[in-house]
Structures are given as structure tokens and as C-alpha cells.
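Worksheet: one structure, shown below.
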């Protein structure tokens, strides 16, 4: 799910496009939105928008995953999903194994993230969560060095 599939309507965030929802963790959707929207808006990153996006997503999924009503569980889950996306995107950016894109029909349609975009996204993750700060900051530095 990317910014094109996320719409703010009347002060509420609406998520569309769940083609992967049947076989993976739904937190990857909200993580992808959080990682990519700052590069798709004139205003860039806004902490308030991060909160609004996560809260809108949580309001939709908490019935399926009641433990996400807990703020700590929610933060851990979303951070883990961001780590998963960034790790996979970094692996793809290194182009070590083009065959790793299993669902070529869908995954090849995802825009490739440049090293600068990857580094900026790792930096935002480092700033967002002190538990992963050192790892994410080091990843950003390594990506910038490529």
C-alpha cells in the first residue's frame, strides 16, 4: 500500500488496495505508507500525520488484532514492519538477487527506491524509535556509502 492508495477525506484517512492482505502481516501496509508518504508530499514528513495514519489503521484492524489496542504492542508491531520493508528494499537496491522478487507481476511494479531515498527512510526510522536507532542509523550510513 503506497501513498496513491491512501487518501485523507474529511479529516479521516482511508486505505485502499489490499492485494497482499491474504498472505502476510497487514502491518506491512501501514509501514509502507509511513515510509513512503514523506517523499510524495510537498510538506514531507510530519509526526502528526504519522500518528493520524497509524491511528486510522489501528481503528480498522484492532477488531482483528485486539492486542494492537495496547500502544506498546502497536509501536513494536509497526516498527517491526518498517524494519521488514526497509531490509527487503535495501536488499533489492543492492541487486544481489533479482530472482528474490517472487511475485514479479506485482513486486516489479513497485518503484525502485534510490540509495538516497533508502538512507532517508532509515534515518526517519532511527529518529522515530530509540529501540532501533543505532541499527537504523548505521544502515542509513551504509546505504549512503554505496
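Results for (1) modelled with pLDDT of 85 or more; (2) in contact with a strand residue (DSSP E or B) (Cβ under 7 Å, 6 or more places away or on another chain); (3) under 21 Å from residue 133 (Cα atoms); (4) exposed (fewer than 13 other Cβ atoms within 10 Å of the Cβ), shown as yes or no for each residue.
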residue: 6; (1), (2), (3), (4): no, yes, no, no
residue: 17; (1), (2), (3), (4): no, no, no, yes
residue: 26; (1), (2), (3), (4): no, no, no, no
residue: 51; (1), (2), (3), (4): yes, no, yes, yes
residue: 89; (1), (2), (3), (4): no, no, yes, no
residue: 101; (1), (2), (3), (4): no, no, no, no
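Please go through region 103-123 and give me each residue that is modelled with pLDDT of 80 or more and within 15 Å of the chain's Cα centre (by Cα), ordered by number.
117, 118, 119, 120, 121, 122, 123
If we keep just the residues of region 55-85 that are modelled with pLDDT of 90 or more and under 11 Å from the mean Cα position of the chain (by Cα), which is surrounded by the fewest Cβ atoms within 10 Å (Cβ to Cβ)?
Once the filter is applied, the top-ranked residue is 80.
Working only within region 37-48, note down all residues that are free of Cβ contacts under 8 Å to residues at least 60 places away in the same chain and buried (at least 18 other Cβ atoms within 10 Å of the Cβ).
Listed by number, the list holds a single entry, 37.
The values are calculated or read from the model by the stated rules, or taken from the named source; none is laboratory data. Only a predicted model underlies this, so the values are computations on that prediction, with no experimental measurement involved. Reconstructed Cβ throughout: ideal geometry from the backbone, glycine too, with neighbour counts over all protein chains shown.
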